[in-house]
């Protein structure tokens, strides 16, 4: 199944590394005009060096006003991938307000902020746009030391459903993907301990973690016209973790 984004302009947040970087590159390969947004300039410059046609912008999405001003200045987009996120793992009894505020600002508030700006321009331009939010299996199942992160991703799932309901009448589709552990460079380091990995792998019927390409492929499908009747879903990419 060939998917093309030729002539489409797409904003990808958290695109400096990991899943967001892969999505940005795959969208470019599919013909999209991609704008990659990240907080870390060096990551963006690395991406730009490899793929000069991808435009880059840096901002800390935790800053509501600066982010809103920047995203508004970027103009009209046909699609948006809300990938920017932060994860701080703390035991429930040791959860801090600092961690809560940061994850609320990045994982929840920034999605509303950026999506509002992009969706309003879609509506003004009568664009049948698409939005995909990158959530997590942690929104659906209790994971040790993930209380605040899980809450933030559950909030994101709820936002996704509300966006689907309220933006749907304008022809704008909003969906989420909920990956399990995905083997980015960072995850390969964090999950290299066989004892730690076995605890999670034992709960995944397919017996392995997700590859970055498997998440990106699902995102591109949901963004494409091939998914034209899919709106408001939260798609697990978890090898059956949530089925058990």
Worksheet item: Is at least one residue of region 29-40 at pLDDT 95 or above, surrounded by fewer than 20 Cβ atoms within 10 Å (Cβ to Cβ), in a helix (DSSP H, G or I) and under 18 Å from the mean Cα position of the chain (by Cα)?
Response: no
Worksheet item: Looking only at region 116-142, which residues are under 29 Å from residue 91 (Cα atoms) and either buried (at least 18 other Cβ atoms within 10 Å of the Cβ) or in contact with a strand residue (DSSP E or B) (Cβ under 7 Å, 6 or more places away or on another chain) (or both)?
Response: 133, 134, 135, 136, 137, 138, 139, 140
Discussion item. Looking only at residues that are assigned to a loop (DSSP other than H, G, I, E, B) and within 19 Å of the chain's Cα centre (by Cα) in region 204-214, which one is farthest from residue 80 (Cα to Cα)?
Written reply: 209
Item to complete: Could you please give the count of residues in region 157-197 that are within 15 Å of the chain's Cα centre (by Cα) and either exposed (fewer than 15 other Cβ atoms within 10 Å of the Cβ) or free of Cβ contacts under 8 Å to residues at least 12 places away in the same chain (or both)?
Response: 1
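Listed here are the residues, each with its yes/no results for (1) assigned to a helix (DSSP H, G or I); (2) under 18 Å from residue 37 (Cβ atoms); (3) under 17 Å from the mean Cα position of the chain (by Cα).
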residue: 77; (1), (2), (3): no, yes, yes
residue: 87; (1), (2), (3): no, no, yes
residue: 104; (1), (2), (3): yes, no, yes
residue: 113; (1), (2), (3): yes, yes, yes
residue: 119; (1), (2), (3): yes, yes, yes
Discussion item. Looking at region 64-72, can you tell me whether even one residue there is touching a strand residue (DSSP E or B) at 6+ places or on another chain (Cβ under 7 Å), surrounded by fewer than 19 Cβ atoms within 10 Å (Cβ to Cβ) and in contact (Cβ under 8 Å) with a residue 12 or more places away in the chain?
Written reply: yes
Discussion item. Within region 215-235, does at least one residue satisfy the condition of being assigned to a loop (DSSP other than H, G, I, E, B), in contact with a strand residue (DSSP E or B) (Cβ under 7 Å, 6 or more places away or on another chain) and farther than 23 Å from residue 104 by Cα?
Written reply: yes
Discussion item. Can you tell me which of (1) under 19 Å from the mean Cα position of the chain (by Cα); (2) more than 23 Å from residue 176 (Cα to Cα); (3) in a helix (DSSP H, G or I) is the one residue 57 doesn't meet?
Written reply: (3)
Practice prompt. For residue 22, work out the one condition from (1) surrounded by fewer than 20 Cβ atoms within 10 Å (Cβ to Cβ); (2) out of contact with any strand residue (DSSP E or B) (no Cβ under 9 Å at 6 or more places or on another chain); (3) within 16 Å of residue 217 (Cβ to Cβ) it doesn't fulfil.
Written response: (1)
Worksheet entry | Index of the failed condition, residue 96 passing every other in (1) in contact (Cβ under 8 Å) with a residue 40 or more places away in the chain; (2) touching a strand residue (DSSP E or B) at 6+ places or on another chain (Cβ under 7 Å) | (1)
Discussion item. Condition (residue is closer than 26 Å to residue 103 by Cβ, assigned to a loop (DSSP other than H, G, I, E, B), out of contact with any strand residue (DSSP E or B) (no Cβ under 7 Å at 6 or more places or on another chain) and modelled with pLDDT under 95) applied to region 143-160: is it met by at least one residue?
Written reply: yes
Worksheet entry | Which numbered condition residue 23 fails, given (1) closer than 30 Å to residue 231 by Cβ; (2) in contact with a helix residue (DSSP H, G or I) (Cβ under 7 Å, 6 or more places away or on another chain); (3) part of a helix (DSSP H, G or I); (4) without any contact (Cβ under 8 Å) to a residue 60 or more places away in the chain | (4)
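The values are calculated or read from the model by the stated rules, or taken from the named source; none is laboratory data. Quick caveat: nothing in here was measured; it's all calculated off a predicted structure. We place every Cβ from the backbone using ideal geometry, glycine too, and count neighbours over all the protein chains shown.
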